[in-house]
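Beneath this line is the structure, given in structure tokens, with notes to follow.
The values are calculated or read from the model by the stated rules, or taken from the named source; none is laboratory data. Fair warning: this is a prediction, and the values are worked out from it, not measured in the lab. Positions of Cβ are backbone-derived with ideal geometry, glycine not excepted, and every protein chain shown enters the neighbour counts. Remember, those area values only see protein heavy atoms, side chains included, never the ligands or the DNA or RNA. Shrake-Rupley method; radii C 1.70, N 1.55, O 1.52, S 1.80 Å.
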Amino acid sequence: MAGARGNWNSSFGFVMAAVGSAVGLGNLVRFPKELANNGGAAFLFVYLILLVLVGLPAILGEMSLGKITQMSPVNAFRKLAEGGGKSWGYVGVAGMIAATLVMFYYAVMTGWTLNFFVGTFYDGWYDDPTGFHGKIAHGPWAILFLAIVMTVTLYVVSRGVSGGIEKVTSIIMPALFGIVFLMVIYALFQPGMGAGYARIFKPDFGALTPQNISAATGQVFFSMSLGQGAMLTYASYMEKKQSVAINGTTIALADTGVALLAAMMIFPTLAFTGLLTQYGDAGTFGMAFEAMPTAFVSMGPVAGRLLGGIFFLGLFFAAFSSAISLLEVPVSVVVDNLGVVRQKAALIVGGIVYIFAVVSAVNEYWFELFDLIAVNVFIVVGVAVTTVFAGWFAKGIAKELDSGLKSRIGIYLVWMMRTITPVLILVTFLFGGLWGTGIDGGYEFFSSGDAEHNGEAGFHQLYRIFMEAIGQWDHA
Ligand code: TRP
């Protein structure tokens, strides 16, 4: 039966697909920015602790649910709930909604990265990076590139697990690693790059505020694609003999590794081009689409275009492989629960996502609102409930985590899922809700970052953006 839903061809293919899901704009742009602005090595220290105590148990629990049941999110929760607790299926539904909400704006950003890459060949950003970003971010250009991205993504997803997703990610992920590595090495040999390293690694323990701790938790969740059924779905296509513990840990390490390399790519580059003072505090979008292209322009036409071209190609690969995974979650549910064939499901879901994504491509408040609701509400609750479910209610998690290993670690991991992981999620969530995280606020991710709202509490921010989106906020 397992074969009917599809399987990964190889462990390598599975890991590339899952790392493709995890590694995205969250790693390449947001993590470096967070690291630089929230205390450097001090932030990294907190991030790593949360990775081990929260991210790792959460990803292993979520993957186990998929691997054991070989089912998409809704059915997986139903099946593993002892005593027929059918309502657990709603956790899967919520995860699917979360992935779909993220897709509503992530697909638009993926379009931007493609537009910047294409812009390398026709002087798009070369003449005026900031102006170019302003021109393509919202409006006709955004809608056009969104359409291209959605078409390619739904085509890949419609080709299936090994024939589509695995084939594509097995090529573009190694290419992405090569690109990031090359740019890290290039920057390393330029005079003046040292200030960039200082900016990201110099520890400032005074920056360890509740806000920054909540920012780190949110970053762990978003970066590892947790709480949205994505890792569950990908793990449901694993072969029985593959180990969740080994593969899950590999995915977590690769995700953090690429994020760190991205920081060592961006900040040293800004430093050696002399732009660190001007752009060091830029928001996520400013960093990727204004500061970096400005740095490339300063390198002159040959090196600038070459490095700029591969940088934006890398951003596109990272975003595209995440978009594939985001679309796969609702598609897998539609296939398994509504009995629709994959090609048709991809077309229907892709079409619906396109319509809502056009709203974010036109209106930045809706863009932000989708982000806020997904990240502040669905993802946090999704990770917490999934982890509690895996720890307390699902059978066979410890055994699954032990399989293929010599030592028994399963019971310790399940113990973490039961206690420390959900407690830390709750505490850090309240930190963010009550104190916010400064420029990007709460658990929010891809806001354009306006200083006016620095230090706004997360719950208040959610309210404000909602009122802005429905046109009820008094800007005076
Ligand atoms: N992890 C991706 C990044 O860092 C984005 C993402 C968030 C995602 N949630 C997801 C990708 C769910 C796939 C599925 O940019």
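Observations, loosely collected:
- In a simple Cβ point-charge model (Lys, Arg +1; Asp, Glu -1; nothing else charged), the chain has a dipole of about 1820 debye relative to its Cα centre.
- Residues in region 122-131 carry Karplus couplings, in order, of 10, 6, x, 8, 5, 6, 7, x, 5, x Hz; the curve used is 6.51 cos²θ - 1.76 cosθ + 1.60 with θ = phi - 60°, and Gly or Pro positions show x.
- Between the C-alpha center of region 27-77 and that of region 247-305 there is a gap of 22 Å.
- Placing R0 at 45 angstrom, the Cβ-Cβ distance between residue 405 and residue 122 gives a FRET efficiency of 0.30 after rounding to 0.05.
- Exposure of residue 474 as accessible area (Å², to 10), given a probe of 1.4 Å and all protein chains: 120
- Label-point separation in nm, residue 189 to residue 130, each point 7 Å along Cα→Cβ: 3.3
- Structure note, pairs 167/202; 33/241; 33/395; 135/202; 86/344: Cα-Cα distances above 32 angstrom occur for 167/202; 33/241; 33/395; 135/202.
- Backbone N within region 1-35 under 19 Å of label point (7 Å from residue 344 Cα along the Cβ vector): 4-6
- Measuring r between the beta carbons of residue 209 and residue 182 and using R0 = 35 Å, the FRET efficiency lands at 0.45.
- Positive-end ranking of 15, 384, 228 along the dipole of the chain, with charges on Cβ about the Cα centre, is headed by 15.
- Available extension along the chain between residue 175 and residue 470 is 102.0 nm, counting 0.36 nm per residue and deducting the alpha carbon span.
- Of the residues 33, 167, ranked by 1.4 Å probe accessible area with the largest first, the sequence reads 167, 33.
- Accessible area of residue 12 (1.4 Å probe, protein heavy atoms only, ligands and nucleic acids ignored): about 110 Å².
- Over the chain, relative contact order from alpha-carbon pairs under 8 Å, at least 6 apart, %: 31
- Solvent-accessible surface of the chain, taken per residue with a 1.4 Å probe and all protein chains present: 37 Å².
- Note on the chain: along the principal axes its Cα atoms extend 63, 51, 48 Å, ordered by decreasing extent.
- Additional length obtainable on full extension of the chain from residue 4 to residue 355, 0.36 nm per residue less Cα span: 123.3 nm
- The listed residues 366, 8 rank as 366, 8 when sorted by accessible area, largest first, using a 1.4 Å probe.
- Listed residues 159, 464, 199 arranged by accessible area, highest first, probe 1.4 Å: 159, 199, 464
- Most to least packed among 269-275, 287-293 [average Cβ atoms within 10 Å]: 287-293, 269-275
- Spin-label pair residue 392/residue 49, simplified geometry with 7 Å Cα→Cβ offset, distance in nm: 2.5
- Options 70, 200, 330, ranked by Cα towards positive dipole end of the chain, top entry (Cβ charges): 70
- Residue 303-residue 249 pseudo-label distance in nm [points 7 Å out on the Cα-to-Cβ vector]: 4.1
- Phi to ³J(HN,Hα) by Karplus 6.51 cos²θ - 1.76 cosθ + 1.60 over region 146-160, Hz, x for Gly, Pro: 4, 4, 4, 4, 5, 4, 5, 5, 5, 5, 4, 5, 5, 6, x
- Sorted on the mean count of surrounding Cβ atoms within 10 Å across their residues, most packed first, peptides 320-329, 179-188 read 320-329, 179-188.
- Summary of the geometry: region 357-400 and region 146-220, compared by the centres of their Cα atoms, lie 20 Å apart.
- Dipole magnitude of region 1-127, debye to nearest 20 (Cβ charges: Lys/Arg +1, Asp/Glu -1, about Cα centre): 520
- Gain on full stretching of the segment that runs from residue 459 to residue 143 - 0.36 nm per residue minus C-alpha separation: 110.7 nm
- Oblate is the label for region 109-148, because the ratio a/c of its alpha-carbon gyration tensor axes (a ≥ b ≥ c) is 1.5 or higher and a/b is not greater than b/c.
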